[in-house]
1. Considering only A:Ser377, A:Leu304, A:Ser355, whose Cα is most displaced toward the positive end of the charge dipole of region A:245-403, charges sitting on Cβ of Lys, Arg (+1) and Asp, Glu (-1)?
2. Taking Cα centroids, how far is region A:137-157 from region A:300-328 in Å?
3. Can you give the % of DSSP beta bridges in chain A that are antiparallel, to the nearest 5?
4. Expected output is a single nm value to one decimal: the length gained when fully extending between A:Leu149 and A:Lys190, i.e. 0.36 nm times separation in residues minus the C-alpha distance. What is it?
5. For chain A, give the magnitude of the charge dipole about the Cα centre (Cβ charges: +1 Lys/Arg, -1 Asp/Glu; no others), in debye to the nearest 20.
6. So if I take the centroid of the Cα atoms in region A:385-411 and the same for region A:91-112, what is the distance between those two points in Å?
7. Normalising by the residue count of chain A, find the relative contact order in percent from Cα pairs under 8 Å and 6+ residues apart.
8. State the extension gain, in nm to one decimal, for the chain segment bounded by A:Ser170 and A:Glu326, taking 0.36 nm per residue of separation less the distance between their alpha-carbons.
Amino acid sequence: MSLLSDLRWRGLIHQTTDDAGIEAWLEERPRTVYAGFDPTADSLHVGSLLGLIVLRRFQQAGHKPIAVVGGATGMIGDPSGKSAERNLLSKEDLQRNVAGLGEQMSHFLDFDAGSCSAELVNNFDWVGPWSYLEFLRDVGKNFPVNVMLAKDSVKSRLGRNEGGEGEGMSYTEFSYMLLQAYDFVHLHEKHGCELQAGGSDQWGNITAGIDLGRRMRGVQLRGLTWPLLTKSDGTKMGKTEGGAVWLSAERTSPYEFYQYWINVDDADVTGCLRMLTELSREEIETLDAAREANAGQRESQRRLAEELTRLVHQESGLAVAQKATEIFFGAEICDLDDAQLTQIFADVPNKVFPSSRLTEGDLTIIDALVEAGLAKSKGEARRTIGQGGAYVNNRRVEGIGDCLTTENLASETVMVLRSGKKKYALLRFV
RNA sequence: GGGGGGUUACCGAAGCGGUCAAACGGGGCAGACUGUAAAUCUGCUGGCUAUGCCUUCGCAGGUUCGAAUCCUGCACCCCCCA
């Protein structure tokens with residue numbers, strides 16, 4: 001199957017500049033494709049995962065991917081899809097963020113693959129040296145304002161302003177598309193890049209680049225967009241109450257990441273499997289059929305979580321996430337050492353006690369629940385235990401007045417206390 | 001300025017001298033069920049050194065053996081008349 005028909009089947013094609021010809025054009029010989037990434041944070045999140053995966057697929061099909069980090073454009077702020085003016089980031093913040101993103105991308109793209117090696121570039125490198133006058137003369141000259149005003153990203157902001165709502169748009173944001181358009185021309189010149197891919201909200205910026213290429217250099221560039229990753233209820237994929245789901249283990253632990261995908265709705269899971277994983281069409285169709293027959297099995301979600309966690313956090317991260325899942329959902333805790341427990345429960349509040357309290361029988365489970373913050377008062381702790389909601393190392397506590405002893409240690413110095421289904425605390429005895 | 005009504009636990013709302021740590025509903029917590037879903041069902045829901053003790057019904061006093069409940073003053077809110 002050709003790359004493009006695979007992408008189509010996966011639902012990754014929203015629009016192309018050349019529906020009829022682009023498939024053959026891609027089959028003809030290896031091409032160079034680029035996608036941009038916003039350096040608004042030092043880590044990518046699920047929102048930008050799709051871009052990485054699309055580039056990865058292009059590379060697997062023998063094309064050369066270029067990931068552009070918007071060190072320059074990030075200073076301006078892309079108005080596409082935004083209702084209000086963006087806050088500008090400082091140069092230093094951007095530099096740090098760009099470095100962070102590069103590291104993450106290395107897990108998705110192969111930077112050492114001969115002629116189709118991936119490249120990571122920062123558009124600050126070529127935008128920075130421009131002087132304002134030069135830019136206006138060489139680039140700005142090619143942008144008819146009436147065309148710019150017709151772009152959706154601009155029209156919606158101006159329209160809102162007339163109605164008295166929204167904030168309109170600054171000249172700075174208005175200029176954003178010139179910078180991104182010029183990126184495309186630059187990449188064509190220096191890297192032979194002829195195709196820009198992006199989310200569907202990037203269409204206006206992509207076509208601006210194509211127009212600029214034609215005007216400045218008389219070349220034919222191409223564009224392709226993927227649909228925005230949304231859930232069946234219309235909200236964005238990759239958001240939790242706690243904020244975005246990040247790709248860095250520091251911001252979103254492998255366990256949380258794994259859990260996010262395990263919990264994807266039935267209605268959304270097939271789309272995620274197609275768009276985000278590299279499972280074959282046959283495998284995905286088998287999963288779909290299995291899910292329709294017995295949704296409770298949730299094999300689809302499990303595979304999705306597994307594939308993505310492995311891709312983002314490698315085999316080791318997946319193993320930790322799966323072990324943590326097993327434990328967080330009730331498996332009795334045994335045969336683990338301090339280091340493993342500390343890692344699995346890294347996100348859980350922990351409390352240190354002198355070990356003498358264990359040997360002297362000075363620590364009742366009631367006190368432990370209160371001191372570890374799992375109960376607001378001793379009364380509440382008593383109630384929880386009485387109702388069968390307290391667990392030590394995932395084994396239900398039977399006696400209300402019981403004391404903890406060294407017998408209860410799960411490993412050398414650690415004990416795991418739990419209240420209810422999910423509230424955990426780690427007790428460390430030193 | 002005059003008259004009336006209100007202020008109860010996380011929220012809403014009963015209670016009108018003892019049986020009130022305070023009905024009921026929501027929320028929250030725990031349990032069962034289940035697909036780590038939705039719905040449903042059950043229990044709990046001020047604190048403690050715990051068959052008892054302490055603190056809570058706008059605030060401060062008072063009456064009474066006994067007050068969330070009665071009286072006085074204060075604060076805030078709502079309505080009606082000027």
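The values are calculated or read from the model by the stated rules, or taken from the named source; none is laboratory data. What you are looking at is a predicted structure, and each value in this text was computed from that prediction instead of being measured. A quick note on method: Cβ atoms are made from the backbone with ideal geometry, for glycine too, and the neighbour counts reach across all protein chains shown. Heavy atoms of the whole protein, side chains included, go into the accessibility calculation; ligands, DNA and RNA do not. Shrake-Rupley method; radii C 1.70, N 1.55, O 1.52, S 1.80 Å.
1. A:Ser377
2. The two parts, judged by their Cα centres, are 45 Å apart.
3. Numbers: 18 of 39 bridges.
Among the beta bridges of chain A, antiparallel pairing accounts for roughly 45 percent.
4. Numbers: separation 41, 0.36 × 41 = 14.76 nm, distance 2.98 nm.
Difference between extended and current length: 11.8 nm.
5. Values: 47 positive and 61 negative charges, 161 e Å.
That gives chain A a dipole magnitude of about 780 debye.
6. The distance from the Cα centre of region A:385-411 to that of region A:91-112 comes to 46 Å.
7. Numbers: 655 pairs, mean separation 60.2, N = 430.
Worked out over chain A, it gives 14 percent.
8. Details: separation 156, 0.36 × 156 = 56.16 nm, distance 5.14 nm.
Gain on stretching A:Ser170 to A:Glu326: 51.0 nm.
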